[in-house]
1. Having 3 or more residues that are basic (K, R) and either at positive phi or surrounded by 19 or more Cβ atoms within 10 Å (Cβ to Cβ) (or both) is the bar; report the helices (runs of 4 or more DSSP H) wholly within segment 75-161 that clear it.
2. Find all pairs meeting these conditions: Cβ atoms under 8 angstrom apart; at least six residues apart or on different chains; first residue within segment 112-136 and over 17 Å from L25 (Cβ atoms); second residue among the aromatic types (F, W, Y) and modelled with pLDDT of 85 or more.
3. Within segment 27-46, is even one residue part of a helix (DSSP H, G or I), at pLDDT below 70 and not hydrophobic (A, V, I, L, M, F, W, C)?
4. Can you pull out every residue in segment 72-109 that is over 12 Å from Y28 (Cα atoms) and β-branched (V, I, T)?
Amino acid sequence: MLGTAARKMIDKPTIHEQKKAQNILKKYIELKHVVEDYRLYEEELKRTIYESETTKRLDQDELYANKTANAVQLAQNQKRAAEECGIIMKALERAVHMIPDEEARQAISLRYLKGYTYTETLLYMNRGEKSSTMDRRIKEGLLSVARTLKAWGMLDWPIGD
């Protein structure tokens, strides 16, 4: 007897689930920016947290302490957001990597992970083929990604709504 996860891998995702998967993929570049921004300022944010701990011990001024607490909370929220975005990014990368057809995988990678427009993707992959061939590849790739995200339970997450 098949378990729930295996059954989800076999069952075709609904139109709604396919659209949800596409919307999550569309967020990839935005997620990447959050992670890259955190990495760029990570040392500064860590320093803010460290220095605030030192300041709390030295200065009990309530106004200053509130500003310090706000800065620490902001730094911690940025760290948490970057970690969560990184988890989603890696899952999307793995789901795209699992697309069985190499050309469908490349089309999805260019279109969603690298942020190419539809026209740029078509031009990049154009080997004398029609746009209907590209449409079929993208549809096939999205179906595969939707099936994988569904099996992993990610389509239930509040992402891409």
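1. 131-151
2. Final answer for the pair search is Y124/Y116.
3. Looking through segment 27-46, none of the residues is part of a helix (DSSP H, G or I), at pLDDT below 70 and not hydrophobic (A, V, I, L, M, F, W, C).
4. Once the filter is applied, which keeps residues that are over 12 Å from Y28 (Cα atoms) and β-branched (V, I, T), segment 72-109 yields V72, I99.
Table: residues versus (1) over 19 Å from the mean Cα position of the chain (by Cα); (2) polar (S, T, N, Q).
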residue: Q73; (1), (2): yes, yes
residue: N77; (1), (2): no, yes
residue: R80; (1), (2): no, no
residue: E83; (1), (2): no, no
residue: I87; (1), (2): no, no
residue: R105; (1), (2): no, no
residue: S109; (1), (2): no, yes
residue: L113; (1), (2): no, no
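The values are calculated or read from the model by the stated rules, or taken from the named source; none is laboratory data. These figures come from a predicted structure and were not determined experimentally. All Cβ positions, even for glycine, are placed from backbone atoms using ideal geometry, and neighbour counts span all protein chains on display.
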